[in-house]
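Enquirer: Pasting a structure below so you can have a look.
The values are calculated or read from the model by the stated rules, or taken from the named source; none is laboratory data. This one's a predicted model, so the numbers in the text were calculated from it and none came from an experiment. Counting neighbours? That spans all protein chains shown, and the Cβs are built from the backbone with ideal geometry, glycine included. Accessible surface is based on the protein model in full, side chains and every heavy atom, while ligands, DNA and RNA are left aside. Shrake-Rupley method; radii C 1.70, N 1.55, O 1.52, S 1.80 Å.
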Amino acid sequence: MRLTSLSAPFAPGALRRLAAAAIGLAALAGGAQAADTVGTVDTAFKLIGRDHDIIVEAYDDPAVQGVTCYVSRARVGGIKGSLGLAEDKAEASIACRQVGPISFPNAPVKAQEEVFSERMSLLFKRLRIVRMVDAPRNTLVYLTYSDKLIDGSPQNSVTAVPVDRATPIPVKK
């Protein structure tokens, strides 16, 4: 009796080349800024590859010193998730907080601007964070949502960071 290998359908080294291609495409997709991982919580065990989990990441706003956004989102595990081939769910939660004195080193800021973007699938889905300025209330509003090339997701989350009236938000006209 002859046993066949699980990798029989693949030519030698094909899985390695596939992983290298996925990493190369991920590098091309790029992102505005890398996130700092705060922590993860496993939600489902996978025998092969990474477990399904929820990841919490911190993003410092590049145009507003003293504001950090914390985003939690689900990540698919298993073989596809470990290789970056799985499509993560479109659900995310955001909480932005003042973590130091707020200043605007690159003043003025746009009234609405995408400040972070991260891929959630190999080619089509991205998690986006948009900053909006609520000038009458001197508040920064952050919205997170995901979109696809064809069809976006209506699921979103919003948070706000009030800025002291002594520090007016300089808005680009």
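Enquirer: As an exercise: evaluate Gly81 against (1) open to solvent by less than 30 Å² (accessible area, probe 1.4 Å); (2) at pLDDT 85 or above and give the number of the one condition it does not meet.
Expert: (2)
Enquirer: Separate question: Could you say whether any residue in segment 40-48 is β-branched (Val, Ile, Thr) and at pLDDT 90 or above?
Expert: No: zero hits.
Enquirer: Shifting gears a bit: Among the residues of segment 153-170, count how many are open to solvent by 40 Å² or more (accessible area, probe 1.4 Å) and outside any loop (DSSP other than H, G, I, E, B).
Expert: Residues that pass the stated criteria total 4.
Enquirer: Given the structure, is Tyr59 at pLDDT 60 or above and either open to solvent by 20 Å² or more (accessible area, probe 1.4 Å) or outside any strand (DSSP E or B) (or both)? Don't jump to the end; show me each part of the working.
Expert: Values: at pLDDT 60 or above: yes; either open to solvent by 20 Å² or more (accessible area, probe 1.4 Å) or outside any strand (DSSP E or B) (or both): no.
Judged against the criteria, Tyr59 is not a match.
Enquirer: So the check is Cβ under 7 Å with 6+ separation or different chains; which pairs have a first residue in segment 52-67 that's farther than 16 Å from Asn138 by Cβ and a second one that's open to solvent by 50 Å² or more (accessible area, probe 1.4 Å) and among the hydrophobic types (A, V, I, L, M, F, W, C)?
Expert: Asp53/Val41; Ile54/Val41; Val56/Val38; Glu57/Val38; Ala58/Val38
Enquirer: Can you say whether Glu118 is touching a Gly at 6+ places or on another chain (Cβ under 6 Å), surrounded by 15 or more Cβ atoms within 10 Å (Cβ to Cβ) and at pLDDT 70 or above, as far as the supplied structure shows?
Expert: Taking the combined requirement at face value, the residue satisfies it.
Enquirer: Suppose we filter Ala74, Ala107, Ala92 for residues that are modelled with pLDDT under 95, within 18 Å of Pro168 (Cα to Cα), out of contact with any helix residue (DSSP H, G or I) (no Cβ under 6 Å at 6 or more places or on another chain) and of a type in the set (A, V, I, L, M); which single one remains?
Expert: After ruling out the rest, the residue left standing is Ala107.
Enquirer: Kindly indicate the residue of segment 25-39 that is open to solvent by 70 Å² or more (accessible area, probe 1.4 Å) and touching a strand residue (DSSP E or B) at 6+ places or on another chain (Cβ under 6 Å) and also modelled with the lowest pLDDT among those meeting that condition.
Expert: Restricting to residues being open to solvent by 70 Å² or more (accessible area, probe 1.4 Å) and touching a strand residue (DSSP E or B) at 6+ places or on another chain (Cβ under 6 Å), the top hit is Ala32.
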